[in-house]
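The values are calculated or read from the model by the stated rules, or taken from the named source; none is laboratory data. In this text, all values refer to a predicted model and were calculated from it rather than measured experimentally. Cβ placement follows ideal geometry from the backbone for every residue including glycine, while neighbour counts extend to all protein chains displayed.
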Amino acid sequence: MVAVDVRPEARKAALDAGAESAVDPQGAKGIRDADVVVDFVSTAATVELGRGMLGVGGRFVVVASGTEPFTLTAGDILEGGRAYIGSYSSTMADLARAVALAENGKLTPVVTRRAALEEAADVLRDLDAGNIVGRAVLTP
């Protein structure tokens, strides 16, 4: 797995979490033939970068609800049998599997910020500004 991020601290967190390598977007431009690309940002630039990394038969999964438009043609989909998928949420079964993985030590979330629920607005602002690497946990 290769992680791509503009922030050095996010690349380090990805390596600490088990990524084989972590590069900035410029370094990712040479990557080809990826089986799966997951876009957590969903801007025109990240979609274009991810599409360039995708291999024949690969899947491009968008998980962020970005608002920036991008172009996708029928040729993009047909060329090489690539699939473009949106994944906005998950099922309760998905949640149960994720919890089981965490309980068995096979999934280690990177929690870099903990805050009281009352601080949710501040945490969301920091998340939106890109000031949080990994996950934030809000507690009641």
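Overview of values
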| item | result |
| --- | --- |
| Unique residue being without any contact (Cβ under 8 Å) to a residue 40 or more places away in the chain, assigned to a helix (DSSP H, G or I) and in contact with a strand residue (DSSP E or B) (Cβ under 7 Å, 6 or more places away or on another chain) when the list is 61, 47 | 47 |
| Number of positions in the range 4-46 that are under 15 Å from residue 63 (Cα atoms) and either out of contact with any Pro (no Cβ under 8 Å at 6 or more places or on another chain) or polar (S, T, N, Q) (or both) | 9 |
| All positions within the range 87-120 that are closer than 25 Å to residue 7 by Cα, without any contact (Cβ under 8 Å) to a residue 40 or more places away in the chain and surrounded by 10 or more Cβ atoms within 10 Å (Cβ to Cβ) | 87, 107, 109, 111, 113, 114, 115, 119, 120 |
| Pairs where the first residue, in the range 10-32, is among the β-branched types (Val, Ile, Thr) and the second is crowded, with 16+ Cβ neighbours inside 10 Å, C-beta under 6 Å, 6+ apart | 23/4; 31/53 |
| Of residues in the range 77-94 being out of contact with any strand residue (DSSP E or B) (no Cβ under 7 Å at 6 or more places or on another chain) and closer than 23 Å to residue 51 by Cβ, the one modelled with the highest pLDDT | 78 |
| Residue within the range 121-133 that is exposed (fewer than 14 other Cβ atoms within 10 Å of the Cβ), under 22 Å from residue 17 (Cα atoms), modelled with pLDDT under 95 and among the small types (Gly, Ala, Ser) present | yes |
| The lone exception for residue 38 - which of (1) of a type in the set (Val, Ile, Thr); (2) outside any loop (DSSP other than H, G, I, E, B); (3) at pLDDT below 95 it fails | (3) |
